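Trainee: My structure is below; once you've seen it, I'll send some questions.
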Amino acid sequence: MDVIEHAKTLKAMPMFASLDESQLKLLAFTSEVFDYGSGEYLFHRDESSDAVYVVMKGRLQIFDDRSGSQVLIAEKHEGEVVGEMGVLRAERRSAAVMVKEDSEVLRIPGDRYLDLVSRNPDLALYVMRDLSDKLASTSLDLARAIAAK
């Protein structure tokens, strides 16, 4: 798939819908597309947060392994983003991301992602809402886990 096709794919994703054609083409041009097979890792906990990943096709799973076993935190599907929290916080990865089924992901360098978010208020609002949704979901999961004990 070429830059124009990637730009069209990105435009169809809610996160990037507010970007104009030139911004989408630049994003597609400055990013890389990778194919991963089931069982491969995009990254592990404590690695450097140097990029954000957009699921173009496939499914990813986010795991916490601090307890010595893998605890599934979430799944990501086509059009969803993973790795943005570490980039936004300028911190190391807080979880591992494994490919659940063969996937194609767009790797956006962290500095490019931060520049894109800072220059596009609609995108920044989308990111804030998405992170708020993740926080609310995590809080609910935690409350359920505590209540089940």
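The values are calculated or read from the model by the stated rules, or taken from the named source; none is laboratory data. Predicted model, so just to flag it, every value in this text is computed and none were measured. Virtual Cβ from ideal backbone geometry, glycine too; neighbours counted across all protein chains shown. When the accessible area is computed, the model is the full protein with side chains, heavy atoms only, and any ligands, DNA or RNA have been set aside. Shrake-Rupley method; radii C 1.70, N 1.55, O 1.52, S 1.80 Å.
Trainee: May I ask you to verify whether residue 119 is closer than 19 Å to residue 10 by Cβ, open to solvent by 70 Å² or more (accessible area, probe 1.4 Å) and among the basic types (Lys, Arg)? Walk me through how you get there before you give the answer.
Mentor: On the way: closer than 19 Å to residue 10 by Cβ: yes; open to solvent by 70 Å² or more (accessible area, probe 1.4 Å): yes; among the basic types (Lys, Arg): yes.
Yes; evaluated as a whole, the condition is true for this residue.
Trainee: Restricting to segment 97-114, name every residue that is in a strand (DSSP E or B) and either of a type in the set (Phe, Trp, Tyr) or open to solvent by 70 Å² or more (accessible area, probe 1.4 Å) (or both). Break it down stepwise before answering.
Mentor: Step one: list which residues in segment 97-114 are in a strand (DSSP E or B), which gives 97-109.
Across segment 97-114, the qualifying residues are 100, 101, 102.
Trainee: Which ones in segment 61-96 are among the polar types (S, T, N, Q) and not in a strand (DSSP E or B)? I'd like the intermediate steps shown before the answer.
Mentor: Applying the first criterion (among the polar types (S, T, N, Q)) to segment 61-96 yields 61, 67, 69-70, 94.
Those that are among the polar types (S, T, N, Q) and not in a strand (DSSP E or B): 67, 69, 70, 94.
Trainee: While we're looking at this one, here's another question. Could you please find all residues in segment 48-60 being assigned to a loop (DSSP other than H, G, I, E, B) and either surrounded by 14 or more Cβ atoms within 10 Å (Cβ to Cβ) or at positive phi (or both)? Write out each step before concluding.
Mentor: First, the residues of segment 48-60 that are assigned to a loop (DSSP other than H, G, I, E, B): 48-50.
Listed by number, the residues that qualify are 49, 50.
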